[in-house]
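What follows draws every value from the coordinates through simple rules; no lab data is involved. Predicted model only: the values in this text are computed from it and were never measured. FYI the Cβ positions are ideal-geometry reconstructions off the backbone, even for glycines, and counts take in every protein chain you see.
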Amino acid sequence: MIIDFHTHIFSKKIRENREKHFLSEPAFKLLYKSPKSKLVGVSEIIRSMDEQGVDKSVVFGFPWKNSDIFREENDYILGAVERYPDRFIGLCCIDPFNKFAINEVMRCLKQGLSGIGELAFYESGIDDTALDKLAPLFEICREKDLPALIHTNEPVGHIYPGKTPNTLIQIYSLVKRFPENKIVLAHWGGGIFLYNILKKEVKEGLKNVFFDTAASPFLYDPEIYRLAIKLAGQNKILLGSDFPLIKPARYFKEMKEAGLSKSEMDSICGKNAANLLKL
C-alpha cells in the first residue's frame with residue numbers, strides 16, 4: 001500500500017478566488033501569489049493518485065488566520081474523507097494563535113479527522129510563544145494518540161516562498177516540549193535527524209518523531225534517503241509529496257537512484273504511515 005502523507009487540497013471557493021485572501025492572509029499570499037502555484041481539489045488529487053499508483057493520501061488545507069475560512073476548509077476536508085473514506089485520511093488545519101483553534105480541533109477530531117496539520121509559523125518561526133499556543137492542541141492529540149504534522153525547513157541555503165525563519169534549536173525545543181506526542185516534521189525536519197549521530201540526548205528526544213519527504217527533490221540530493229535511513233531509521237520516514245507541488249513518481253525515482261531496497265521503499269512509501277495512523 002502506498003500512502004502519501006503530505007498533500008494539500010482546497011475548496012472551489014478558494015481555488016477560484018485566491019487573490020481575495022492575499023491582503024488578510026499574508027502567509028497564503030507568500031505561497032500562492034504566483035499563478036504557477038497550483039491549487040487543487042478532490043477530483044484532481046484522486047485523478048493523480050490513480051495515475052501515480054497512490055492508494056491513500058493524507059489531505060489538509062492551510063493554517064488560515066481567519067476562523068471562518070479554516071472552518072469552511074476543514075469542512076471541505078471532512079467532506080472529502082466522507083466521500084472517499086478508502087482513499088483519504090484528513091487532518092485538521094488551523095492557526096494555533098486563533099482563539100477558536102482548540103474548539104475547531106476538537107470539532108474536527110470528533111467528526112473523524114485523524115490528527116492536526118500541516119501547522120506552520122511562516123512569519124514567526126517556532127518561537128516560545130508558538131510553543132505555548134501549540135500546547136493545548138498537542139495535549140488533545142496526545143490524549144487521543146493522534147499525530148501532529150508541523151511545517152519545518154532547513155535554516156540555511158537558498159530562500160524560497162514558504163521558507164520560515166525557524167531554527168534547529170526551535171525545532172528541537174518543539175520535540176522536547178512534547179516528548180509524548182507523535183510528531184511528524186515536514187520537509188525532513190529541516191535536517192535535524194542528522195544530529196542523531198550525537199551520543200547524548202538527541203536520540204531520546206526524537207524517539208516519537210517522524211520525518212516526511214515533502215519537497216525533497218527541490219531541496220536535497222537523492223542521497224538524503226540513505227542518510228536518513230542510517231541516522232533516523234527507515235521506520236521514521238514517511239513519503240510526502242507536497243502534492244500538487246510535486247507528483248509522487250519523482251520521489252519513487254529518487255529513492256531508486258539512492259539505491260533503496262524494496263523493503264526500505266515499502267516502509268517509507270506506506271508501512272510507516274499505516275502504522276502511525278493505525279490503519
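Brief remarks on what is shown
- Selection of trypsin sites (Lys or Arg not before Pro), region 52-142, meeting DSSP coil and at most 15 other Cβ within 10 Å: LYS99
- Residue-wise HN-Hα coupling along region 74-88, computed from phi with Karplus coefficients 6.51, -1.76, 1.60 (Hz; x: Gly, Pro): 5, 5, 5, 5, 4, x, 5, 5, 5, 6, 10, x, 8, 10, 10
- Net charge dipole, region 3-277: roughly 180 debye, given to the nearest 20, about the Cα centre with Cβ charges of +1 for Lys and Arg and -1 for Asp and Glu.
- Given charges at Cβ of Lys, Arg, Asp, Glu: region 3-277 dipole, positive-most of LEU149, PHE211, ASN17: PHE211
- Working from label points 7 Å from Cα in the Cα-to-Cβ sense, the LYS38 to ARG250 distance is 0.9 nm.
- The slack between GLU16 and LYS262, meaning 0.36 nm per residue of separation minus the straight C-alpha distance, is 84.4 nm.
- Within straight-line cross-link reach of LYS200, lysines at Cα separation under 16 Å, skipping those fewer than 8 residues along the same chain: LYS176
- Burial ranking of peptide ranges 113-124, 180-191 (average Cβ count within 10 Å, highest at the top): 180-191, 113-124
- Amide H within-cut-off set for VAL184, under 5 Å, with H built and near neighbours excluded: ALA148, LEU149, ILE150, PHE210
- Cβ-based exposure ranking for THR164, THR213, THR7, THR129, in which fewest neighbours within 10 Å come first: THR129, THR164, THR7, THR213
- Net length gained if the chain between TYR84 and ARG47 were fully extended (0.36 nm per residue, minus Cα distance): 12.1 nm
- Evaluating 6.51 cos²θ - 1.76 cosθ + 1.60 at θ = phi - 60° for every residue in region 223-232, the Karplus couplings come out as 4, 4, 5, 5, 5, 5, 4, 5, 9, 9 Hz, glycine and proline recorded as x.
- For region 129-279, a simple Cβ point-charge model (Lys and Arg +1, Asp and Glu -1, everything else neutral) yields a dipole of about 220 debye relative to the Cα centre.
- Modelled label reach - GLU180, point 7 Å along Cα→Cβ, region 245-279 residues with backbone N closer than 12 Å: none
- Amide H to amide H, with H built 1.01 Å from N, CYS93 comes under 5 Å of GLY61, GLY117, counting only residues 5 or more places away or on other chains.
- Backbone HN-Hα couplings from phi across region 31-45 [Karplus 6.51/-1.76/1.60, Hz, Gly and Pro as x]: 8, 10, 5, 6, x, 6, 7, 6, 10, 10, x, 4, 5, 5, 6
- The label-point distance for TYR160 and LYS278, in a model that sets each label 7 Å from Cα toward Cβ, rounds to 3.5 nm.
- For the chain: rounded, prolate or oblate by the Cα gyration tensor [a/c cutoff 1.5]: rounded
- Cross-link partners of LYS29 among lysines, defined as those whose alpha carbon lies under 18 angstrom from its own and excluding same-chain residues fewer than eight positions apart: LYS12, LYS13, LYS20, LYS38, LYS65, LYS163.
- Mean ellipticity per residue at 222 nm, deg cm²/dmol - from DSSP H runs of n ≥ 4 across the chain, formula -39500 (n - 2.57): -11500 deg cm²/dmol
- Once the Cα-Cα distance is subtracted from the 0.36 nm per residue extended length, the LYS110 to LYS207 segment shows a gain of 32.2 nm.
- Entry note, the chain: relative contact order of 20 percent, from Cα contacts under 8 Å with a spacing of 6+ residues.
- The alpha-carbon of LYS278 sits under 12 angstrom from the alpha-carbons of these aspartates and glutamates, leaving out residues fewer than 8 places away in its chain: ASP145.
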